[in-house]
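Taking it in order: structure first as structure tokens, then the write-up.
The values are calculated or read from the model by the stated rules, or taken from the named source; none is laboratory data. Everything numeric in this text was worked out from a predicted model, so none of it was measured. Cβ: placed from backbone, ideal geometry, glycine included. Neighbour counts: every protein chain shown.
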Amino acid sequence: AQTVTQSQPEMSVQEAETVTLSCTYDTSESDYYLFWYKQPPSRQMILVIRQEAYKQQNATENRFSVNFQKAAKSFSLKISDSQLGDAAMYFCAYRSLRSGGSNYKLTFGKGTLLTVNP
Amino acid sequence: DSGVTQTPKHLITATGQRVTLRCSPRSGDLSVYWYQQSLDQGLQFLIQYYNGEERAKGNILERFSAQQFPDLHSELNLSSLELGDSALYFCASSVTSGRDEQFFGPGTRLTVL
């Protein structure tokens, strides 16, 4: 079974600075997706960024980018120019692309609570 | 707004009771996933339906059941409720049962007293 580990329960960053959230995962598969989801106090799950394992290029979405190291099974999220609205719980998630069973479910890490200080 | 709706937003009930949570997927989405978010277990997958049929099961208790109706809305039934069932229950939907992105609803917060 796949597992996702987020080793930083809490992180803080100053407004306008850069912060990196860590995530490692364990899988024996070669074809999968990795995600970062943001959960603000409203509790809504918001997709921040997605990485397809077969793509070597790291995904970017505006101020959000990832560092995907497939061999090391590492998937970190970098937030540049942090804003007060970035304060939230961030979840790393894994999704298999192997067909059948419960493979299309999302497997989440425990989350990292990000605080942005003005 | 993801286009996925869940009702009710909040539910407070007593131990031993039964409740039903409802999810309406995005228009055109055939697949519905249910997830539970609790302090103890984090976010975990419960069950998936695709076009009315159960497709996959995760860590769903026997006291819990779900179904997807012909109009594609889904219901999660929780019975013999225990204090530990207090959690945020999310529904997500996707176009098919495969590689498509899952869009999350706003969740139903269940409190068991």
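The test for being touching a strand residue (DSSP E or B) at 6+ places or on another chain (Cβ under 7 Å), touching a residue at least 60 places away in the same chain (Cβ under 8 Å) and of a type outside the set (Phe, Trp, Tyr) does not hold for A:GLN51.
Within segment B:59-90, the only residue that satisfies the criterion of being under 12 Å from the mean Cα position of the chain (by Cα), in a loop (DSSP other than H, G, I, E, B) and closer than 18 Å to A:PHE108 by Cβ is B:ILE60.
Within segment A:1-27, can you find the residues that are among the hydrophobic types (A, V, I, L, M, F, W, C) and under 19 Å from A:ALA71 (Cα atoms)? Selection gives A:ALA1, A:VAL4, A:LEU21, A:CYS23. When restricted to residues that are more than 10 Å from chain A (Cβ to nearest Cβ), crowded, with 16+ Cβ neighbours inside 10 Å and not polar (S, T, N, Q), segment B:35-60 contains 2.
Of the residues making up segment A:83-114, those that are over 16 Å from the mean Cα position of the chain (by Cα) and either hydrophobic (A, V, I, L, M, F, W, C) or modelled with pLDDT of 95 or more (or both) number 4.
Looking at segment B:21-34, I want the residues that are under 9 Å from B:SER74 (Cα atoms) and have a partner that is of a type in the set (Asp, Glu) with Cβ atoms under 8 Å, at least 6 apart or on another chain. Which pairs are those? Going by the 8 Å Cβ cut-off, the qualifying pairs are B:LEU21/B:GLU75; B:ARG22/B:GLU75; B:CYS23/B:GLU75.
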